[in-house]
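Below: the structure, in structure tokens.
Please treat every number below as a calculation from the coordinates, not as lab data. These figures come from a predicted structure and were not determined experimentally. So basically every Cβ, Gly included, is an ideal-geometry build from the backbone, and we count neighbours across all protein chains shown.
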Amino acid sequence: MVKQCTILFGCMALGELLVAVTGLSLPGSIVGMLLLAAFLEMGWVKLEWVKNISDFLLSNLGFFFVPPGVALMLNFDTIARDFWPITIATLVSTVLVLLSTGWTHQIVRRYGPFHK
């Protein structure tokens with residue numbers, strides 16, 4: 001289990017280091033996750049090496065949502081005060097993401113490697 005944690009935390013730390021050194025505007029944990037996926041794909045890390053800890057973390061995923069839920073409850077008055085700006089920003093950004101995803105999909109299908 002220690003080896004598995006070391007691999008996961010090592011990838012996360014490497015991601016944080018890359019973000020700090022390069023100034024990427026991505027969270028270090030996301031970069032670390034992408035590095036882990038790349039290492040798995042290249043065979044540098046074997047799935048068996050991280051399977052048990054990954055299964056454990058996924059089976060307990062609900063516990064990771066408790067702190068953000070508590071933070072939402074603690075800041076409920078702030079959220080209630082700014083309800084409409086938050087709601088409008090959420091709706092507008094959702095529509096923009098939906099439109100840009102559809103547009104990108106159409107371009108890739110038209111000109112990308114799947115084009116016939």
Percentage relative contact order, the chain, counting C-alpha pairs under 8 Å, at least six apart: 18
Quick one: if the Förster radius is 35 Å, what FRET efficiency do Phe64 and Leu99 give, using the C-beta to C-beta distance and rounding to 0.05? 0.70
Relative intensity, log₁₀ I(q)/I(0), of region 1-59 from a Debye sum that treats every alpha carbon as a point, q = 0.18, 0.19, 0.27, 0.31 Å⁻¹: -0.60, -0.66, -1.08, -1.23
From the phi of every residue in region 53-68, what ³J(HN,Hα) in whole Hz does the Karplus formula 6.51 cos²θ - 1.76 cosθ + 1.60 yield, where θ is phi - 60° and glycine or proline is x? 5, 5, 4, 4, 5, 5, 5, 10, 4, x, 5, 6, 8, 5, x, x
Give me the base-10 log of I(q)/I(0) for region 5-97 at each q in 0.15, 0.16, 0.17 Å⁻¹, Debye formula, one uniform scatterer per Cα, rounded to two decimals. -0.86, -0.92, -0.96
Along region 6-19, what does the Karplus equation 6.51 cos²θ - 1.76 cosθ + 1.60 (θ = phi - 60°) give for ³J(HN,Hα), rounded to whole Hz, x for Gly and Pro? 4, 5, 5, 5, x, 5, 5, 5, 5, x, 4, 5, 4, 5
Restricting to Cα pairs under 8 Å and 6 or more apart, the percent relative contact order of region 1-59 works out to 37
222 nm mean residue ellipticity, helices alone, for the chain (DSSP H n ≥ 4; -39,500 (n - 2.57); rounded to 500): -26500 deg cm²/dmol
Toy charge model, Lys and Arg Cβ at +1, Asp and Glu Cβ at -1: the chain dipole around Cα centroid in debye, rounded to 20, equals 460
Residue by residue, what Karplus-based ³J(HN,Hα) values in Hz, rounded to whole numbers, does region 41-50 have, using 6.51, -1.76 and 1.60 with θ = phi - 60° and x for Gly and Pro? 5, 7, x, 5, 10, 8, 4, 4, 5, 10
Centre separation in Å (Cα based) which lies between region 77-116 and region 16-50: 26
Taking amide H positions as placed in the peptide plane 1.01 Å from N, state which residues far from Val45 in sequence (5 or more) or on other chains have amide H under 5 Å from it. Leu40
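For Met33, Met42, Met12, what's the fewest-to-most ordering of other Cβ within 10 Å of each Cβ? Each step should come with its number before you reach the end.
Working: Met33 15, Met42 8, Met12 18.
Going from least to most buried by this count: Met42, Met33, Met12.
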The residues Val92, Val31, sorted from fewest to most surrounding Cβ atoms within 10 Å, come out as Val92, Val31
